[in-house]
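Working notes for the structure below.
The values are calculated or read from the model by the stated rules, or taken from the named source; none is laboratory data. Remember, predicted model here, so these are calculated numbers, not experimental data. With ideal geometry, Cβ positions are generated from the backbone for all residues, glycine too; neighbour counts draw on all protein chains shown. Keep in mind that these areas ignore ligands, DNA and RNA; they rest on the heavy atoms of the full protein, side chains included. Shrake-Rupley method; radii C 1.70, N 1.55, O 1.52, S 1.80 Å.
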Amino acid sequence: MEFSSFLFLLLIATAAALVQGQGTRVGFYSRTCPQAESIVQKTVQSHFQSNPTIAPGLLRMHFHDCFVQGCNASILIDGSSIEKTAGPNRLLRGYDVIDDAKAQLEAACPGVVSCADILALAARDSVVLTKGLMWKMPTGRRDGRVSLASDVNNLPGPRDSVEVQKQKFADKGLNDQDLVTLVGGHTIGTSACQAFRYRLHNFSTTTANGADPSMDATFVTHLQALCPANGDASRRIALDTGSSDTFDASFFTNLKNGHGILESDQKVRGLRGLNFNVEFGRSMVKMSNIGVKTGTEGHGSKLRYRSLTRRVMRHISIGVSVRYQAIRKIR
């Protein structure tokens, strides 16, 4: 009786250990799809060469995915009232890159690599292509099944105070250092005038130009010319003036000089002497593990997402038609 009880407890402990061991890890696909990371990297690079704006687009997409239900690729799910239709996600770019990478991975390793991992790897590769440092990205995420536009309210917003930003990051297990570091991702990319134009006109009665007093006056004049009160709200403006195509720490220099485009960015200043490029990789790994589904949770690689079938038809040859038929089963 005592032996059977001991055996039962041993089995429980073993099962628990196995579950804990089913998390993300570097080289997760080393045996099941050893070329996975290379395929994603080459796909991102190919698209980047013809359209460099996909780099910040893919980085933002991964961030927006992780802060809503965790890093589970729910941002890619199609349907009505889903995440990608919510206001903060309507201008996201890079879906075609993920489609392309997924199609190639299905041709090479059917049913193995998840969309969530493709997003994480594509974000990392985008930073590297813009001259940021490489880091090892753990993989092994599984894809979510649910996508709701209402959940996007949890995303940090451009008008959030520092305290609100801190709380939103803390809710995801990220600290103040991660907040400042990840905000630095705005060193590449642009923002539409509609996201910050309110700071330039009738914002304050304490400044002669009516702009946000935390902004440099000369810079305000420059922005007012680019984003007039009744001008094109969709016009894109660099988030890191003078260096929007290079992943570097100049973004924080701009913040200190009152050249922050987004109000939420301007409120977050300084890296306290940290190495931005190194710290960014570390914080990205932390963020990429928010609420991940692993083991038997969620879907493996068969998440239905934007135009997958059409992309597969475009990229997979007749020679692998059998594999293609397997992919069609996700409908």
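Every condition in (1) open to solvent by 30 Å² or more (accessible area, probe 1.4 Å); (2) part of a loop (DSSP other than H, G, I, E, B); (3) of a type outside the set (Phe, Trp, Tyr) holds for THR221 except the one numbered (2). Only one of the numbered conditions (1) part of a helix (DSSP H, G or I); (2) open to solvent by 80 Å² or more (accessible area, probe 1.4 Å); (3) at pLDDT 95 or above is violated by PHE63, and that is (2).
From the list GLN41, GLN69, GLN45, the lone residue that is under 23 Å from PHE280 (Cα atoms), among the polar types (S, T, N, Q), open to solvent by 10 Å² or more (accessible area, probe 1.4 Å) and part of a loop (DSSP other than H, G, I, E, B) is GLN69.
Can you say whether LEU239 is within 16 Å of LEU182 (Cβ to Cβ), buried (at least 21 other Cβ atoms within 10 Å of the Cβ) and touching a strand residue (DSSP E or B) at 6+ places or on another chain (Cβ under 6 Å), as far as the supplied structure shows?
Values: within 16 Å of LEU182 (Cβ to Cβ): yes; buried (at least 21 other Cβ atoms within 10 Å of the Cβ): yes; touching a strand residue (DSSP E or B) at 6+ places or on another chain (Cβ under 6 Å): yes.
Yes; evaluated as a whole, the condition is true for this residue.
Only one entry of ASP176, ASP171 meets the criterion of being closer than 25 Å to ILE77 by Cβ and of a type in the set (D, E, K, R), and that entry is ASP171.
Among the residues of the stretch 22-52, none is identified as among the β-branched types (Val, Ile, Thr), modelled with pLDDT under 95 and either in contact with a Cys (Cβ under 6 Å, 6 or more places away or on another chain) or more than 16 Å from ALA120 (Cβ to Cβ) (or both). Restricting attention to the stretch 77-88, does a residue exist that is part of a helix (DSSP H, G or I) and buried (at least 24 other Cβ atoms within 10 Å of the Cβ)? For the stretch 77-88, residues part of a helix (DSSP H, G or I) and buried (at least 24 other Cβ atoms within 10 Å of the Cβ): present.
A residue that is part of a loop (DSSP other than H, G, I, E, B), modelled with pLDDT of 95 or more and of a type in the set (Ser, Thr, Tyr) cannot be found anywhere in the stretch 274-285.
Open to solvent by 60 Å² or more (accessible area, probe 1.4 Å), at pLDDT 55 or above and touching a Cys at 6+ places or on another chain (Cβ under 8 Å): does that describe ASP232? Spelling it out, ASP232 is indeed open to solvent by 60 Å² or more (accessible area, probe 1.4 Å), at pLDDT 55 or above and touching a Cys at 6+ places or on another chain (Cβ under 8 Å).
Is there a residue being under 26 Å from GLU279 (Cβ atoms) and under 30 Å from the mean Cα position of the chain (by Cα) anywhere in the stretch 218-236? Checking the stretch 218-236: not a single residue is under 26 Å from GLU279 (Cβ atoms) and under 30 Å from the mean Cα position of the chain (by Cα). Quick check on my filter: what residues within the stretch 89-125 are part of a loop (DSSP other than H, G, I, E, B), surrounded by fewer than 24 Cβ atoms within 10 Å (Cβ to Cβ) and touching an Asp or Glu at 6+ places or on another chain (Cβ under 9 Å)? Listed by number, the list holds a single entry, VAL112. Do we have GLY144 as among the small types (Gly, Ala, Ser) and under 24 Å from ILE77 (Cα atoms) here? Criteria met by GLY144.
Return the residue satisfying two criteria in turn: it lies in the stretch 48-60 and is assigned to a helix (DSSP H, G or I) and over 10 Å from the mean Cα position of the chain (by Cα), and of such residues it is surrounded by the fewest Cβ atoms within 10 Å (Cβ to Cβ).
The first filter runs over the stretch 48-60 and keeps only residues assigned to a helix (DSSP H, G or I), leaving 48-50, 54-60.
Narrowing further to those that are over 10 Å from the mean Cα position of the chain (by Cα): 48-50, 54-55.
Numbers: PHE48: 18, GLN49: 10, SER50: 7, ILE54: 22, ALA55: 28.
Looking at residues that are assigned to a helix (DSSP H, G or I) and over 10 Å from the mean Cα position of the chain (by Cα), I get SER50.
Within the stretch 18-38, being out of contact with any Ser or Thr (no Cβ under 9 Å at 6 or more places or on another chain) and open to solvent by less than 30 Å² (accessible area, probe 1.4 Å) holds for one residue alone: CYS33. Among the residues of the stretch 153-201, those identified as in a helix (DSSP H, G or I), open to solvent by 20 Å² or more (accessible area, probe 1.4 Å) and over 26 Å from PRO228 (Cα atoms) are ASN153, ASN154, VAL162, GLU163, VAL164, LYS166, GLN167, LYS168, ALA170, ASP176, GLN177.
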